[in-house]
Amino acid sequence: MITTEAIIQMKKKKEKIVCLTAYDYPTARILDDAGIEIILVGDSAANVVAGEKNTLPITMSDMLYHTKVVARAVRNAMVITDMPFLSYQCSIDEAVKNAGSFLKVGAAGVKLEGAGPVLKTIERLVQVGIPVMGHLGLTPQSIHKFGGYKLRGKTKKEAEQIIKDAKRLESAGCFAIVLEKIPAKLAKKITRILKIPTIGIGAGPFCDGQILVLHDMLGFYEDFKPKFVKQYARIGEEITRAVKEYINEVKKGIFPDKEHYFE
């Protein structure tokens with residue numbers, strides 16, 4: 001089983017860290033068998049599984065379910081769970097209780113967005129033995145504050161704040177930080193400054209690792225193709241083809257044939 005210490009050692013050895021999201025047993029099993037090092041049970045489940053416009057509606061019970069079935073499938077990868085909106089922002093005690101719930105169902109750690117207001121929460125989580133991954137740049141739970149999914153850290157002021165926040169997250173005890181949708185040069189600078197790994201998504205090639213949403217990189221949805229996503233397959237098209245073939249064979253009485261029923 002991959003540990004936080006193993007992830008930190010990968011940065012020291014300059015070995016890239018590979019991460020993907022998963023939300024169910026079969027895909028988590030496939031990712032683990034393939035050799036993915038970190039599986040993130042992302043609150044992006046709200047978008048790609050539940051069809052929501054953003055990540056805000058997903059609940060603790062939703063995320064606990066997804067975490068439980070993913071963890072059940074995994075033997076080697078580190079399972080990290082996104083703490084959903086308002087599960088850690090209200091109070092430190094509530095955050096500890098909620099984060100602990102994820103570890104009880106199989107997660108190895110949790111991911112929190114932002115810095116400033118949650119730094120003391122992160123410190124407390126780490127103190128009680130809960131590994132924490134940070135998340136800076138575009139933070140989807142703050143979508144209404146930012147006014148859209150725009151590139152972050154483009155101005156000097158904002159870039160300096162992200163650098164400052166990255167250092168503070170490291171000091172608070174995070175074992176790694178996700179950098180989302182920031183300029184590659186900024187991500188490179190942060191990666192050089194920090195002793196803990198950076199995991200990029202739309203942050204260029206200089207991070208210590210990369211993460212993508214599984215449904216994006218497999219091409220489930222043709223209408224969503226962000227610049228930073230490479231589609232390694234077009235699963236949506238293949239599923240459509242298979243379903244249409246099934247419909248056609250059932251309509252014409254081709255399926256089931258003798259090979260697929262009992263005499």
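Can you tell me which residue in region 175-203 is nearest to His135 (Cα to Cα), limited to those that are of a type outside the set (A, V, I, L, M, F, W, C) and part of a helix (DSSP H, G or I)?
Here the answer is Thr191.
Might you let me know whether region 156-174 holds any residue that is at pLDDT 95 or above, in a loop (DSSP other than H, G, I, E, B) and assigned by TED's automatic domain parsing to the domain that holds Glu113? There is at least one residue in region 156-174 that is at pLDDT 95 or above, in a loop (DSSP other than H, G, I, E, B) and assigned by TED's automatic domain parsing to the domain that holds Glu113. Screening the candidates Glu52, Glu15, Glu5 for the property of being charged (D, E, K, R) and either under 13 Å from Gly209 (Cβ atoms) or surrounded by 17 or more Cβ atoms within 10 Å (Cβ to Cβ) (or both) yields one hit, Glu15.
Regarding Lys16, is this residue among the basic types (Lys, Arg), in contact (Cβ under 8 Å) with a residue 60 or more places away in the chain, over 30 Å from Ile143 (Cα atoms) and in the same structural domain as Thr139 (by TED's automatic domain parsing)? Considered against the rule, which asks whether it is among the basic types (Lys, Arg), in contact (Cβ under 8 Å) with a residue 60 or more places away in the chain, over 30 Å from Ile143 (Cα atoms) and in the same structural domain as Thr139 (by TED's automatic domain parsing), Lys16 comes out as no.
When region 83-93 is examined, which residues are found to be on the phi < 0 side of the Ramachandran plot and either in contact with a Leu (Cβ under 9 Å, 6 or more places away or on another chain) or touching a residue at least 12 places away in the same chain (Cβ under 8 Å) (or both)? Matches in region 83-93: Met83, Pro84, Phe85, Ser87, Tyr88, Gln89, Ile92.
The values are calculated or read from the model by the stated rules, or taken from the named source; none is laboratory data. Everything numeric here is computed off the predicted structure, so don't read it as measured data. Cβ coordinates were reconstructed from backbone atoms using ideal geometry, including for glycine residues, and neighbour counts include every protein chain displayed.
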